[in-house]
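As structure tokens, the structure follows; a few thoughts come after it.
The values are calculated or read from the model by the stated rules, or taken from the named source; none is laboratory data. Small disclaimer: the values here were computed from a predicted structure and weren't measured. For neighbour counting, all protein chains shown are included, and Cβ atoms are generated from backbone atoms with ideal geometry for every residue, glycine included.
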Amino acid sequence: MSDADTPLLMLVDDEPAQRRLNMALASRAGWRSICANNADDALTMLDTREGLRLAAVIIDDWTPGLEATALIRAIHDKRPKLPVLVLTANGSAALAVEAMRAGAFDFLIKPIAPENFLAALQSVLSSPRDRGELRPLTEKIRAPLGFDEIVGSSPTFRAALAIAAKAARARVPILIEGESGVGKEVIAHAIHTASPRARMPMLTVNCGAIPPNLVESDLFGHERGAFTGAFDRHVGKFMTANGGTIFLDEISELPLDAQVKLLRVLQEGEIQPVGGRMPVQVDVRVVAATNKRLIDEVEAGRFREDLYYRLNVVQLTIPPLRDRSGDVPALARHLLDRISAQPGMRSLGVTSEAIGLLMRHDWPGNVRQLHNTLFRAAVLCEGDALTPTDFPQLSDELYGRTDPRPKAPQTPIVRNAQENGIGVTLYETNGHLRSLSDIEADVIRLAIGHYRGRMTEVARRLGIGRSTLYRKLAELGIETAA
């Protein structure tokens, strides 16, 4: 790749050691770096030949000269579309809000985890900046939810939560499938919180962010001298999580060699550190997640079949947000409440017109994108309630193009079902009634989710006997547990 094709990064930092570390991390991701010691040098370099080619800027919050926020504003005034990332030792939400209001794209907390640094640079390249795509600031300052706090009334979503709540009490592995951003990690945290292991640690590992040659060491540990550079003994994630839960995100990216060792953990409950002579017993509950269909990866030879069946004792499939648009109103209000509780934020309402705009969006980034969209709108909102004008990027996408397909007229009942997030819809979008079997299946799924899989209670509330309930489950093809 030529210099012209290599993304260029400016590091604004007066600490040589920190600069060298950041340059090495950026180089690993395919970036070339230039450095500025202070704010004045950074502003001067923006107008140079190389400065005009910059793809991103990283500012240390202790930069001498101008304050970081003032420097962000100055860069934003000169180059509005140039992403600015803030490096800080202070992970407070107030600083995040201040940086974002000044025009920051993202903020990173020191000491930087390499995978977080690389993910931030990747988001710079993949984000459609000219359309105002949302910054992932809130992902760093959110708290985990319990099952009772997770919002969603869609029958398929509630059925998945019911299975998760029931499986949380057991030790069995759980596999969560769903698109990026649907909330797989949120559900994994809820499973851990509802389990007998709640007082023990839960560790999250992104299998796709670990270099292949370091996966085994990171997960299972290594002994001193096990390989070149192993100057000290390293305790792996499984040993650190002993007695608790480990969440293996993007499990499909795990190399085949590491899959063999993970299979041994699930079968025998023991790990083999790299360079170790004896296996070590561990008691760890495994929750895995993937944005792919893992059975497809098995058929393609990229994932071990025996490991798949070991992980797939309980399987959850989380539907994308576009398939449960009725959840958007309640979800948006819930997320706004959580955002308003963060330092530097205030309580905001949301108008029905804004809710309608949010419901008409496809949300390719799912709940994560909705969260970040609301966070950005809340930061920049001048009024007491969010209106469609606070979501310019969504308005541009929806109204900036024409859809040649004719829209069916909506009856008041259909509009009410869509806007209020009713769990069971009686009408199709064209105004015709749905079939009785489809409505009955949705009612049963909703009841199972609402009563957390307690089938006696479900049957009693539906006014039918347990045997009748199980017969209907078989007839309608409804699964209640794995």
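The set of residues in segment 256-287 that are in contact with a Pro (Cβ under 7 Å, 6 or more places away or on another chain) and among the small types (G, A, S) is empty. Checked against (1) surrounded by 14 or more Cβ atoms within 10 Å (Cβ to Cβ); (2) among the β-branched types (V, I, T); (3) over 25 Å from V151 (Cα atoms), T290 meets all criteria but (3).
May I ask you to list the residues in segment 225-240 that are among the charged types (D, E, K, R), touching a residue at least 12 places away in the same chain (Cβ under 8 Å) and part of a loop (DSSP other than H, G, I, E, B)?
Here is the first cut: in segment 225-240, the residues among the charged types (D, E, K, R) are 232-233, 237.
In the following step, the residues that additionally are touching a residue at least 12 places away in the same chain (Cβ under 8 Å) were identified as 233, 237.
R233 - this is the single residue of segment 225-240 that is among the charged types (D, E, K, R), touching a residue at least 12 places away in the same chain (Cβ under 8 Å) and part of a loop (DSSP other than H, G, I, E, B).
Number of residues in segment 22-36 that are more than 16 Å from V124 (Cβ to Cβ) and either in contact (Cβ under 8 Å) with a residue 60 or more places away in the chain or surrounded by 20 or more Cβ atoms within 10 Å (Cβ to Cβ) (or both) equals 1. Counting the residues of segment 267-287 that are within 29 Å of the chain's Cα centre (by Cα) and either surrounded by 16 or more Cβ atoms within 10 Å (Cβ to Cβ) or not assigned by TED's automatic domain parsing to the domain that holds T193 (or both) gives 6.
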